[in-house]
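One structure is given here, and the rest of the page talks about it.
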Amino acid sequence: MKTIRLFAVLLFSLLIIYGYNFRSADNIVTNPAAYGHYIPDVMGNVNVYDRVLNLHQTFKFGSDTLPAFTGFPVSVSGSTFEGCIFCNMDNDPELEIVFNIGYTVQAFNLDGTPVPGWPKTVSSYALEGSPAFGDIDGDGQGEIVVTNHGLTSGGYIYAYKRDGTLLPGFPINHGYSSRTPVLADMNNDGKMEIIVNKRTYPTGSVYVYKYDGTILTGWPKAMGHVPASSPAVGDIDNDNAPEIVMESYTGLYAWKANGDSIPGFPFMMPNGDNNSYSSPVLADVDGDNMREIIFGTHVSGGGGYVYILKNNGTVLSGWPKQTGNWVYGPPAVGYVDNDNILDIVVGDQVISMTPSDFVYGWNKNGTALAGFPIGPLNAVNNQVILGDINNDNNTELIFDDNTMSGTGVGIYLGYKYDGTPLPGWPQPTNGTTFFVTPCLTDLNRNGIMDIVGAGIAGTSPNQTTNVYVWNTGSAYSPSKVQIPMWQYNSRHTGVYGNIDVVSVEENHSDVPENYSLKQNYPNPFNPSTTVAFDMPKAGLVNITAYDITGRECAVIFSGYKTAGYNEVKFNAGSLTSGIYFYRITANGFTDTKKMMLVK
């Protein structure tokens with residue numbers, strides 16, 4: 001503090017000489033509220049840009065106008081971050097909304113009333129990140145999983161049935177777990193495991209828990225520094241089994257499902273940069289039928305990077321790309337500008353009295369998208385949502401904004417695929433949208449897209465979260481929503497293409513009544529597409545691609561799948577442009593659909 005004050009005195013003297021007027025660095029430290037909302041990295045550092053001296057400084061703080069639905073906004077005491085999920089918590093076709101707010105897990109019906117059995121209150125510490133929803137006990141019904149961070153003890157993992165009752169073996173006294181839990185079936189038993197981090201300064205580790213609260217064999221695994229974000233979980237080596245990718249403050253780690261290390265990891269960042277909050281995203285960006293790892297970093301003193309790593313820990317050619325300020329949000333991976341080339345979008349953040357941040361966009365080759373970067377803006381702290389929200393067959397970008405007016409109004413920002421502002425936006429909220437990712441879906445199944453978001457009003461510890469549900473008035477098309485919520489789905493796996501979508505025609509109980517094969521998306525595609533299907537019963541699945549002559553061209557998937565909604569990815573990089581057919585066989589069910597590859 002003494003060093004900072006001496007710097008502030010010197011800087012103030014210079015300003016008297018040159019006649020500048022600004023708020024000193026010392027004022028930021030002693031009165032951070034003067035600079036609006038902020039959040040430090042996982043080691044307690046805050047990035048500040050000083051326009052007078054044209055430099056970045058890093059300070060260390062303490063530890064770590066769309067119509068609204070009737071009944072909204074709903075106001076709840078406490079704050080939230082990383083956004084909500086939507087899921088089916090009862091047996092009607094409508095979806096419910098689940099938020100972690102303060103010490104409570106809130107579940108709302110579409111009229112703003114609580115779902116029976118909710119909310120639930122946790123003890124000792126406020127909740128971390130977003131809830132996760134998935135079938136962890138194999139009964140065909142999804143459960144809600146949440147964490148509160150604690151310290152060496154008293155940080156718990158809770159798993160609730162849809163009626164609000166706890167599963168046997170929960171809560172687990174896990175200790176300091178930061179950010180959002182991730183759910184995935186790691187051992188192919190039809191039950192999803194819970195993947196969380198644990199902070200034991202100066203190091204950390206990754207745990208995998210089973211449905212009964214016991215630890216999966218082969219875990220936990222240690223890291224060389226404290227955990228920096230939630231993991232990503234998905235198949236990165238095309239062996240039809242998931243891997244876990246996890247960030248520490250200084251590196252990126254990857255393990256097989258059984259806990260074995262993957263050659264080439266950990267990857268230690270080469271540019272003096274660190275990880276905080278920018279959870280990895282997994283996507284096949286180079287067309288080799290294996291997913292790459294995309295994540296963002298920050299540099300002490302200013303700036304950041306966005307990396308794409310191959311599954312052997314090497315950096316993809318043309319990457320990393322540099323940003324002007326720190327990257328906190330997970331990258332958004334999807335098709336932005338309709339050229340059938342996969343794109344990466346991310347925002348950066350710095351504390352500043354004037355807009356100083358940007359949203360960057362590159363295609364998979366590292367070439368900047370036309371109209372990008374967007375800005376200058378105020379800080380973008382979370383993941384950019386991608387979807388066609390105005391039914392113009394183009395991708396729009398929706399994201400948070402680190403501001404709140406003197407009257408307490410915050411905003412969600414909306415931009416078009418070419419970097420121009422979206423007409424009718426920004427969308428105002430009571431309180432800042434800081435760090436709250438919105439959701440895109442059709443909650444009431446009327447064929448119109450809805451948006452869920454929140455504004456956080458007041459200052460800590462007296463904050464209130466105002467939950468909103470807006471009707472866009474635009475037709476909802478599942479295939480045009482590329483990122484519907486934080487980290488792609490209610491399990492938060494961070495896998496591009498593995499999304500939670502709803503369709504008006506479908507029955508959306510957790511276990512479908514009938515088998516069905518969905519239309520692949522995107523379609524046309526180049527070279528990758530996703531094939532989705534419903535299964536009322538678990539079993540072996542075979543999906544095969546054929547050309548127009550009926551010749552088999554590729555096996556899209558062959559293996560075991562659990563009951564429910566499933567997705568698999570198909571990379572047609574070795575095929576020529578044309579019309580193809582894909583056929584599913586599962587438990588005696590067969591169906592065929594057409595798809596188009598355009599190169």
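The values are calculated or read from the model by the stated rules, or taken from the named source; none is laboratory data. Quantities reported herein were computed from a predicted structural model and do not represent experimental measurements. Heads up, the Cβs are rebuilt from the backbone with ideal geometry, glycines too, and the neighbour counts pull from every protein chain shown. These area figures cover heavy atoms from the full protein model, side chains too; ligands, DNA and RNA do not enter into them. Shrake-Rupley method; radii C 1.70, N 1.55, O 1.52, S 1.80 Å.
Data overview
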{"item": "Leading residue by the ranking (farthest from the chain's Cα centre (by Cα)) among those in the range 122-136 that are part of a strand (DSSP E or B), of a type outside the set (A, V, I, L, M, F, W, C) and farther than 27 Å from residue 563 by Cα", "result": "128"}
{"item": "Strands (runs of 3 or more DSSP E) wholly inside the range 218-280 that include at least 1 residues being in contact with a Ser or Thr (Cβ under 7 Å, 6 or more places away or on another chain) and of a type in the set (Lys, Arg)", "result": "221-223"}
{"item": "Test: residue in the range 562-569 that is of a type outside the set (Phe, Trp, Tyr), farther than 18 Å from residue 500 by Cα and surrounded by 14 or more Cβ atoms within 10 Å (Cβ to Cβ)", "result": "no"}
{"item": "Residue list for the range 450-488, filter: under 29 Å from residue 520 (Cα atoms), among the polar types (S, T, N, Q) and in contact with a strand residue (DSSP E or B) (Cβ under 7 Å, 6 or more places away or on another chain)", "result": "471, 472, 474, 479, 482"}
{"item": "Residue check, residue 256 basic (Lys, Arg), more than 23 Å from residue 124 (Cβ to Cβ), touching a Leu at 6+ places or on another chain (Cβ under 8 Å) and open to solvent by 10 Å² or more (accessible area, probe 1.4 Å)", "result": "no"}
{"item": "Among residues of the range 289-301, those that are under 20 Å from residue 228 (Cα atoms) and crowded, with 19+ Cβ neighbours inside 10 Å, counted", "result": "8"}
{"item": "Qualifying residue in the range 472-483 (condition: more than 30 Å from residue 193 (Cα to Cα) and in a loop (DSSP other than H, G, I, E, B))", "result": "yes"}
{"item": "Considering residues of the range 406-433 that are of a type in the set (Phe, Trp, Tyr) and assigned to a strand (DSSP E or B) only, the residue most open to solvent (accessible area, probe 1.4 Å)", "result": "415"}
{"item": "Selection from the range 570-596 of residues that are assigned to a strand (DSSP E or B), open to solvent by less than 40 Å² (accessible area, probe 1.4 Å) and closer than 21 Å to residue 498 by Cβ", "result": "570, 571, 582, 584, 586, 595"}
{"item": "All positions within the range 106-145 that are hydroxyl-bearing (Ser, Thr, Tyr) and either out of contact with any Gly (no Cβ under 6 Å at 6 or more places or on another chain) or open to solvent by less than 10 Å² (accessible area, probe 1.4 Å) (or both)", "result": "113, 121, 123, 130"}
{"item": "Residue match in the range 263-275 (condition: surrounded by fewer than 23 Cβ atoms within 10 Å (Cβ to Cβ) and of a type in the set (Gly, Ala, Ser))", "result": "yes"}
{"item": "Test: residue 142 is of a type outside the set (Lys, Arg), at pLDDT below 95 and more than 20 Å from the chain's Cα centre (by Cα)", "result": "no"}
{"item": "Residue selected from the range 191-214 under the condition surrounded by fewer than 17 Cβ atoms within 10 Å (Cβ to Cβ) and not aromatic (Phe, Trp, Tyr), by the criterion nearest to residue 99 (Cα to Cα)", "result": "212"}
{"item": "Residue 217 vs. criteria under 27 Å from residue 132 (Cβ atoms), surrounded by fewer than 18 Cβ atoms within 10 Å (Cβ to Cβ) and not charged (D, E, K, R)", "result": "yes"}
{"item": "The lone exception for residue 205 - which of (1) of a type in the set (Gly, Ala, Ser); (2) within 27 Å of residue 536 (Cβ to Cβ); (3) not in a loop (DSSP other than H, G, I, E, B) it fails", "result": "(2)"}
{"item": "Condition check for residue 286: in a loop (DSSP other than H, G, I, E, B), open to solvent by 10 Å² or more (accessible area, probe 1.4 Å), within 24 Å of residue 388 (Cα to Cα) and of a type in the set (D, E, K, R)", "result": "no"}
{"item": "Residue tally, condition buried (at least 24 other Cβ atoms within 10 Å of the Cβ) and over 17 Å from the mean Cα position of the chain (by Cα), over the range 308-325", "result": "2"}
{"item": "Per-region count, the range 159-180, residues hydroxyl-bearing (Ser, Thr, Tyr), open to solvent by 20 Å² or more (accessible area, probe 1.4 Å) and under 25 Å from the mean Cα position of the chain (by Cα)", "result": "1"}
{"item": "Exclusive hit being β-branched (Val, Ile, Thr), part of a strand (DSSP E or B) and farther than 16 Å from residue 283 by Cβ, set 345, 359", "result": "359"}
{"item": "Among (1) at pLDDT below 80; (2) open to solvent by 20 Å² or more (accessible area, probe 1.4 Å) - the single one residue 539 does not satisfy", "result": "(2)"}
{"item": "Residue match in the range 329-343 (condition: closer than 18 Å to residue 416 by Cβ, touching a Ser or Thr at 6+ places or on another chain (Cβ under 7 Å), surrounded by fewer than 21 Cβ atoms within 10 Å (Cβ to Cβ) and of a type outside the set (Gly, Ala, Ser))", "result": "yes"}
